[in-house]
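The values are calculated or read from the model by the stated rules, or taken from the named source; none is laboratory data. Since the model is a prediction, treat every value here as computed from it, not as a measurement. Note that each Cβ is placed from the backbone with ideal geometry, even for glycine, and that neighbours are counted across all protein chains shown.
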Amino acid sequence: MIISSAKPFEEVLELLKDEDDIFIIGCSACAAKLHVGGEPEVLNMRQRLEEAGKHVVGWCIPSAACSVASFDSLMEKNPAIKDAKTVLVMACGSGVSIVSQIVELAVYPSNNTESLGGRSQGEIIPELCAMCGDCKVYYFGGICPKGQCPKQLLNGPCGGSIEGKCEVDPEKDCVWELIYSRLEKIGRLDLLEKVWTCEEVTG
Ligand code: SF4
Ligand code: SF4
(Lines give C-alpha, C1' and ligand atoms only; values in the text may rest on other atoms or scores of the structure.)
(Ligands and ions follow the chains in the order given, each with its own letter.)
Protein backbone atom coordinates (compact mmCIF):
# COMPACT_ATOMS: atom_id res chain seq x y z
CA MET A 1 0.00 0.00 0.00
CA ILE A 2 1.31 3.43 -0.93
CA ILE A 3 0.87 5.73 2.05
CA SER A 4 -0.33 9.21 1.23
CA SER A 5 -1.91 11.97 3.26
CA ALA A 6 -4.17 14.83 2.26
CA LYS A 7 -2.61 18.22 1.67
CA PRO A 8 -4.28 21.01 3.65
CA PHE A 9 -7.24 22.28 1.63
CA GLU A 10 -5.70 25.78 1.55
CA GLU A 11 -2.66 24.33 -0.24
CA VAL A 12 -4.85 22.58 -2.81
CA LEU A 13 -6.71 25.83 -3.36
CA GLU A 14 -3.44 27.70 -3.82
CA LEU A 15 -2.32 25.11 -6.39
CA LEU A 16 -5.58 25.64 -8.26
CA LYS A 17 -5.69 29.42 -7.90
CA ASP A 18 -5.40 30.07 -11.64
CA GLU A 19 -7.40 27.01 -12.67
CA ASP A 20 -11.06 26.21 -13.15
CA ASP A 21 -13.37 23.60 -14.69
CA ILE A 22 -11.89 20.89 -12.56
CA PHE A 23 -12.39 17.15 -12.91
CA ILE A 24 -11.55 15.17 -9.75
CA ILE A 25 -10.10 11.67 -9.94
CA GLY A 26 -10.00 9.59 -6.75
CA CYS A 27 -8.62 6.11 -6.24
CA SER A 28 -10.43 3.01 -4.92
CA ALA A 29 -7.17 1.37 -3.88
CA CYS A 30 -4.73 2.76 -1.32
CA ALA A 31 -6.08 6.32 -1.17
CA ALA A 32 -9.63 5.13 -0.46
CA LYS A 33 -8.44 2.82 2.30
CA LEU A 34 -6.51 5.69 3.83
CA HIS A 35 -9.56 7.99 3.52
CA VAL A 36 -7.74 10.47 1.28
CA GLY A 37 -9.22 9.56 -2.13
CA GLY A 38 -12.41 7.53 -1.76
CA GLU A 39 -15.93 8.71 -2.53
CA PRO A 40 -16.55 10.61 0.74
CA GLU A 41 -13.29 12.54 0.31
CA VAL A 42 -13.90 13.23 -3.38
CA LEU A 43 -17.42 14.53 -2.68
CA ASN A 44 -16.10 16.62 0.19
CA MET A 45 -13.39 18.06 -2.07
CA ARG A 46 -15.98 18.88 -4.76
CA GLN A 47 -18.14 20.68 -2.22
CA ARG A 48 -15.25 22.67 -0.75
CA LEU A 49 -13.96 23.66 -4.19
CA GLU A 50 -17.42 24.80 -5.25
CA GLU A 51 -17.81 26.75 -2.02
CA ALA A 52 -14.48 28.40 -2.86
CA GLY A 53 -15.90 29.50 -6.24
CA LYS A 54 -14.44 26.77 -8.45
CA HIS A 55 -16.46 24.92 -11.06
CA VAL A 56 -16.15 21.15 -10.73
CA VAL A 57 -17.24 19.52 -13.99
CA GLY A 58 -17.28 15.98 -12.64
CA TRP A 59 -15.48 13.29 -10.75
CA CYS A 60 -14.71 9.60 -10.86
CA ILE A 61 -13.05 6.98 -8.72
CA PRO A 62 -11.25 4.36 -10.83
CA SER A 63 -10.26 1.05 -9.26
CA ALA A 64 -6.71 2.43 -9.06
CA ALA A 65 -5.54 5.85 -10.24
CA CYS A 66 -2.12 4.35 -11.04
CA SER A 67 -3.72 1.87 -13.48
CA VAL A 68 -5.95 4.03 -15.66
CA ALA A 69 -5.44 2.54 -19.11
CA SER A 70 -6.11 5.47 -21.42
CA PHE A 71 -7.91 8.76 -21.84
CA ASP A 72 -10.55 6.97 -23.94
CA SER A 73 -11.28 4.49 -21.16
CA LEU A 74 -11.64 7.40 -18.73
CA MET A 75 -13.83 9.31 -21.17
CA GLU A 76 -16.05 6.31 -21.91
CA LYS A 77 -17.24 6.12 -18.30
CA ASN A 78 -16.87 9.82 -17.47
CA PRO A 79 -17.82 11.99 -20.47
CA ALA A 80 -17.81 15.11 -18.26
CA ILE A 81 -14.04 15.09 -18.39
CA LYS A 82 -14.21 16.53 -21.92
CA ASP A 83 -15.37 19.83 -20.35
CA ALA A 84 -12.45 19.94 -17.93
CA LYS A 85 -9.50 22.30 -18.14
CA THR A 86 -7.83 20.89 -15.04
CA VAL A 87 -7.60 17.55 -13.26
CA LEU A 88 -7.17 17.10 -9.53
CA VAL A 89 -5.94 13.63 -8.56
CA MET A 90 -6.69 12.43 -5.03
CA ALA A 91 -4.18 9.58 -4.99
CA CYS A 92 -0.47 8.94 -4.58
CA GLY A 93 2.22 10.32 -6.88
CA SER A 94 2.00 7.23 -9.10
CA GLY A 95 -1.64 7.97 -9.74
CA VAL A 96 -0.86 11.61 -10.52
CA SER A 97 1.91 10.55 -12.91
CA ILE A 98 -0.20 8.00 -14.77
CA VAL A 99 -3.09 10.43 -15.16
CA SER A 100 -0.61 13.08 -16.38
CA GLN A 101 0.51 10.69 -19.09
CA ILE A 102 -2.96 10.12 -20.48
CA VAL A 103 -4.66 13.50 -20.23
CA GLU A 104 -3.53 16.62 -22.06
CA LEU A 105 -4.51 18.92 -19.22
CA ALA A 106 -2.84 20.35 -16.15
CA VAL A 107 -2.91 17.67 -13.44
CA TYR A 108 -2.57 18.54 -9.74
CA PRO A 109 -2.11 16.35 -6.66
CA SER A 110 -4.28 16.71 -3.58
CA ASN A 111 -2.14 14.31 -1.56
CA ASN A 112 1.43 14.00 -0.31
CA THR A 113 2.99 10.59 -0.96
CA GLU A 114 4.93 9.39 2.05
CA SER A 115 6.01 5.78 2.03
CA LEU A 116 5.34 2.15 1.23
CA GLY A 117 3.37 0.69 4.08
CA GLY A 118 0.45 -1.57 4.76
CA ARG A 119 -2.53 -2.35 6.92
CA SER A 120 -2.74 -5.17 9.43
CA GLN A 121 -5.51 -5.93 11.93
CA GLY A 122 -7.14 -2.61 11.14
CA GLU A 123 -3.97 -0.63 11.80
CA ILE A 124 -2.17 1.42 9.16
CA ILE A 125 1.58 0.83 9.24
CA PRO A 126 3.24 3.69 7.37
CA GLU A 127 6.79 2.48 6.65
CA LEU A 128 7.50 -1.13 5.85
CA CYS A 129 9.74 -1.27 2.80
CA ALA A 130 12.22 1.25 1.40
CA MET A 131 11.97 -0.27 -2.10
CA CYS A 132 15.70 -0.95 -2.23
CA GLY A 133 15.45 -3.25 -5.24
CA ASP A 134 17.42 -6.05 -3.55
CA CYS A 135 15.11 -7.71 -1.07
CA LYS A 136 16.78 -9.32 1.92
CA VAL A 137 13.84 -9.17 4.31
CA TYR A 138 13.87 -12.93 4.86
CA TYR A 139 17.10 -12.57 6.87
CA PHE A 140 15.27 -10.30 9.29
CA GLY A 141 12.21 -12.44 9.83
CA GLY A 142 10.14 -10.41 7.40
CA ILE A 143 10.68 -7.13 9.27
CA CYS A 144 12.82 -4.85 7.17
CA PRO A 145 15.41 -2.67 8.92
CA LYS A 146 16.03 -0.76 5.69
CA GLY A 147 12.41 0.34 5.75
CA GLN A 148 11.70 0.48 9.46
CA CYS A 149 14.90 1.40 11.33
CA PRO A 150 15.53 5.17 11.11
CA LYS A 151 19.27 4.44 10.74
CA GLN A 152 18.62 1.60 8.27
CA LEU A 153 20.95 -0.66 10.27
CA LEU A 154 21.35 -4.15 8.86
CA ASN A 155 23.85 -5.04 11.59
CA GLY A 156 21.65 -3.62 14.32
CA PRO A 157 20.67 -2.69 16.87
CA CYS A 158 22.40 0.63 17.35
CA GLY A 159 22.55 0.39 21.13
CA GLY A 160 20.42 3.46 21.75
CA SER A 161 17.16 1.63 22.35
CA ILE A 162 15.56 2.35 25.72
CA GLU A 163 13.19 -0.25 27.13
CA GLY A 164 12.59 -1.61 23.66
CA LYS A 165 11.77 1.77 22.14
CA CYS A 166 13.66 3.43 19.30
CA GLU A 167 16.05 6.19 20.35
CA VAL A 168 15.18 8.21 17.23
CA ASP A 169 11.42 7.83 17.64
CA PRO A 170 10.51 6.73 21.18
CA GLU A 171 6.90 6.30 20.07
CA LYS A 172 7.98 3.26 18.06
CA ASP A 173 9.38 -0.10 19.09
CA CYS A 174 13.04 -0.58 18.15
CA VAL A 175 12.74 -2.61 14.98
CA TRP A 176 15.66 -4.77 16.09
CA GLU A 177 13.72 -5.86 19.16
CA LEU A 178 10.93 -6.92 16.83
CA ILE A 179 13.35 -8.71 14.50
CA TYR A 180 14.91 -10.61 17.42
CA SER A 181 11.50 -11.67 18.80
CA ARG A 182 10.34 -12.77 15.38
CA LEU A 183 13.46 -14.81 14.62
CA GLU A 184 13.31 -16.36 18.07
CA LYS A 185 9.69 -17.33 17.48
CA ILE A 186 10.44 -19.05 14.17
CA GLY A 187 13.61 -20.70 15.51
CA ARG A 188 15.97 -18.78 13.22
CA LEU A 189 18.14 -16.72 15.55
CA ASP A 190 21.05 -18.18 13.59
CA LEU A 191 20.27 -15.67 10.83
CA LEU A 192 21.57 -12.94 13.15
CA GLU A 193 25.06 -14.42 12.89
CA LYS A 194 25.42 -12.99 9.41
CA VAL A 195 27.44 -9.77 9.32
CA TRP A 196 26.40 -7.55 6.45
CA THR A 197 29.18 -5.90 4.46
CA CYS A 198 29.08 -2.33 3.19
CA GLU A 199 28.48 -3.62 -0.36
CA GLU A 200 25.55 -5.74 0.79
CA VAL A 201 24.11 -2.92 2.87
CA THR A 202 24.23 -0.40 0.04
CA GLY A 203 23.73 -3.13 -2.63
S1 SF4 B 1 15.08 -5.49 1.74
FE2 SF4 B 1 13.58 -4.17 2.75
S3 SF4 B 1 13.66 -2.27 1.57
FE4 SF4 B 1 14.60 -3.84 0.29
S5 SF4 B 1 12.87 -4.59 -0.97
FE6 SF4 B 1 13.05 -5.96 0.84
S7 SF4 B 1 11.57 -5.12 2.32
FE8 SF4 B 1 11.96 -3.50 0.78
S1 SF4 C 1 16.85 2.13 18.40
FE2 SF4 C 1 16.50 0.37 17.01
S3 SF4 C 1 15.08 1.10 15.40
FE4 SF4 C 1 15.91 2.91 16.48
S5 SF4 C 1 17.66 3.57 15.24
FE6 SF4 C 1 18.46 2.20 16.85
S7 SF4 C 1 18.43 0.13 15.93
FE8 SF4 C 1 17.17 1.46 14.63
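Considering only region 150-198, state which residues are among the aliphatic types (A, V, I, L, M), in a helix (DSSP H, G or I) and within 11 Å of ligand 2 (Cβ to nearest atom).
Hits for region 150-198 are VAL175, LEU178, ILE179.
In region 12-35, how many are free of Cβ contacts under 8 Å to residues at least 60 places away in the same chain and of a type in the set (D, E, K, R)?
3
Take GLY156 and tell me if it is under 15 Å from the mean Cα position of the chain (by Cα) and buried (at least 18 other Cβ atoms within 10 Å of the Cβ).
No.
Name the single residue that is farthest from ASP21 (Cα to Cα) among those in region 81-129 being outside the structural domain of SER63 (by TED's automatic domain parsing) and in a loop (DSSP other than H, G, I, E, B).
For region 81-129, the residue satisfying everything is GLN121.
Report whether or not GLY117 is surrounded by 18 or more Cβ atoms within 10 Å (Cβ to Cβ), within 13 Å of SER4 (Cβ to Cβ) and at pLDDT below 95.
yes
Per-residue answers, yes or no, for (1) touching a Leu at 6+ places or on another chain (Cβ under 9 Å); (2) at pLDDT 95 or above; (3) charged (D, E, K, R); (4) in a helix (DSSP H, G or I):
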| site | (1), (2), (3), (4) |
| --- | --- |
| GLU11 | no, yes, yes, yes |
| ILE24 | yes, yes, no, no |
| ARG48 | yes, yes, yes, yes |
| ASP72 | no, no, yes, yes |
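Just to check your reading of the model, which residue among CYS149, CYS129 is more than 28 Å from VAL68 (Cα to Cα) and of a type outside the set (A, V, I, L, M)?
None of the other options fit; the residue is CYS149.
Which residues, counting only those in region 184-196, are surrounded by 11 or more Cβ atoms within 10 Å (Cβ to Cβ) and within 22 Å of CYS132 (Cα to Cα)?
Within region 184-196, LEU191, LEU192, LYS194, TRP196 qualify.
Could you list, in sequence order, all residues of region 50-70 that are under 21 Å from the mean Cα position of the chain (by Cα), of a type in the set (S, T, N, Q) and either in a loop (DSSP other than H, G, I, E, B) or surrounded by 13 or more Cβ atoms within 10 Å (Cβ to Cβ) (or both)?
Result: SER63, single match.
With the checklist (1) more than 13 Å from ligand 2 (Cβ to nearest atom); (2) in contact (Cβ under 8 Å) with a residue 60 or more places away in the chain in hand, flag the one item GLU127 doesn't pass.
Checking GLU127 against (1) more than 13 Å from ligand 2 (Cβ to nearest atom); (2) in contact (Cβ under 8 Å) with a residue 60 or more places away in the chain, the one that fails is (1).
Would you check which residues across region 130-142 are within 9 Å of ligand 1 (Cβ to nearest atom), assigned to a loop (DSSP other than H, G, I, E, B) and either of a type in the set (A, V, I, L, M, F, W, C) or crowded, with 18+ Cβ neighbours inside 10 Å (or both) and list them?
ALA130, MET131, CYS132, CYS135 - these are the residues of region 130-142 that are within 9 Å of ligand 1 (Cβ to nearest atom), assigned to a loop (DSSP other than H, G, I, E, B) and either of a type in the set (A, V, I, L, M, F, W, C) or crowded, with 18+ Cβ neighbours inside 10 Å (or both).
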